[in-house]
Amino acid sequence: MSEQRIGVVYNIPPEPPKEANTRWFPAGAITIGLEYRDLDPQSLEELYKDNPAHLKEMLEKAPEGGFTDEGVSIHVRGTDDGHEYLRFDVFEGEPHYHYVYNSPEIMNNVVVFDTLAHGDMMPFAFHCLRHRLAEMLPRALGGHLVDQLDETLINKVVDEVQVLAVKAQADMRSARV
């Protein structure tokens, strides 16, 4: 991995999807997951409590008060290996995306999305799913999936996921009013 990384690199895995809250959509070589997430410092401390090195790194890199946010997460897994290579966290406070390296060392590259420059992250996430997977997957060491991507199938699945994600985001925002 000689390319320059942007964002923050963690040597800890991201919080895994909560299976009970995640709906999975097979799309050939990849499977796309849609989840509504509500992060809080206590759940992250609980997740990493059995690995002191992971807990220490998470606490060192956490903002004051810990990680607290909520919103839609879109997961991209390899269908055969189950590894999550990409994640788009379309969160209210700090939207961001992850490159989750499929390597013996755990690396989780988090890139904050600049809403001032780019607006809402949701259209960006779906643009990436439709047009940028072939470029993004290799960065997370998922290049072996690129030749297997079925653009027609992926776009059909993304259409379905997008409708549900936009609705989930709108429901969350209207609940706050």
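List of remarks:
- Charge dipole (segment 74-177, unit charges on Cβ, about Cα centre) - positive-most of 148, 90, 168: 168
- Relative contact order (%) - segment 8-176, alpha-carbon pairs under 8 angstrom, separation at least six: 24
- Distance between segment 135-163 and segment 56-110 - C-alpha centres, whole angstrom: 18
- A Förster distance of 22 Å, applied to the separation of the beta-carbon atoms of residue 167 and residue 112, puts the FRET efficiency at 0.30.
- Residues 131, 54, 83, sorted so that the one with the fewest Cβ neighbours within 10 Å comes first: 131, 83, 54
- Panel values: segment 63-116, Kirkwood radius from alpha carbon pairs, Stokes-Einstein at 10 °C and 1.306 mPa s, translational diffusion coefficient 129 µm²/s.
- With coordinates expressed along the principal axes, the C-alpha atoms belonging to segment 9-55 extend over 37, 21, 18 Å, beginning with the largest.
- Only helical runs count toward this figure. For the chain, summing -39,500 (n - 2.57) over DSSP H runs of n ≥ 4 and dividing by all residues gives -11500 deg cm²/dmol at 222 nm.
- Inter-label distance for residue 19 and residue 49, nm, one decimal - labels placed 7 Å from Cα along Cα-to-Cβ: 2.2
- Dipole of the chain, positive end: most advanced residue of 17, 100, 29 [Cβ charges, Cα centre]: 29
- The translational diffusion coefficient of the chain, from Stokes-Einstein at 4 °C and 1.567 mPa s with a Kirkwood hydrodynamic radius over alpha carbon pairs, comes to 77 µm²/s.
- Shape metrics for segment 30-81, restricted to C-alpha atoms - Rg then Dmax, Å: 13.6, 39
- Charged-residue dipole, Cβ positions (Lys, Arg, Asp, Glu), segment 6-81 about Cα centre, Debye nearest 20: 200
- Order of 88, 126 - criterion: other Cβ atoms within 10 Å of each residue's Cβ, fewest first: 126, 88
- Between 33, 82, 142, the Gaussian network model of the chain with springs among Cα atoms under 10 angstrom shows the greatest mean-square fluctuation at 82.
- Rounded to the nearest 20 debye, the dipole size of segment 20-177 about its Cα centre is 320 debye, using +1 on the Cβ of Lys and Arg and -1 on the Cβ of Asp and Glu.
- Residue with peak Gaussian network fluctuation, the chain [Cα springs, cutoff 10 Å], from 165, 140, 62: 62
- Within the listed set 164, 34, 116, the residue fluctuating most in the Gaussian network model of the chain (springs between alpha-carbon atoms under 10 angstrom) is 116.
Throughout, read-outs are computed from the coordinates displayed, never taken from laboratory work. Since this is a predicted model, take the numbers as computed values, not measurements. Don't worry about glycine lacking a Cβ; one is built from the backbone with ideal geometry, like all the others, and counts go over all protein chains shown.
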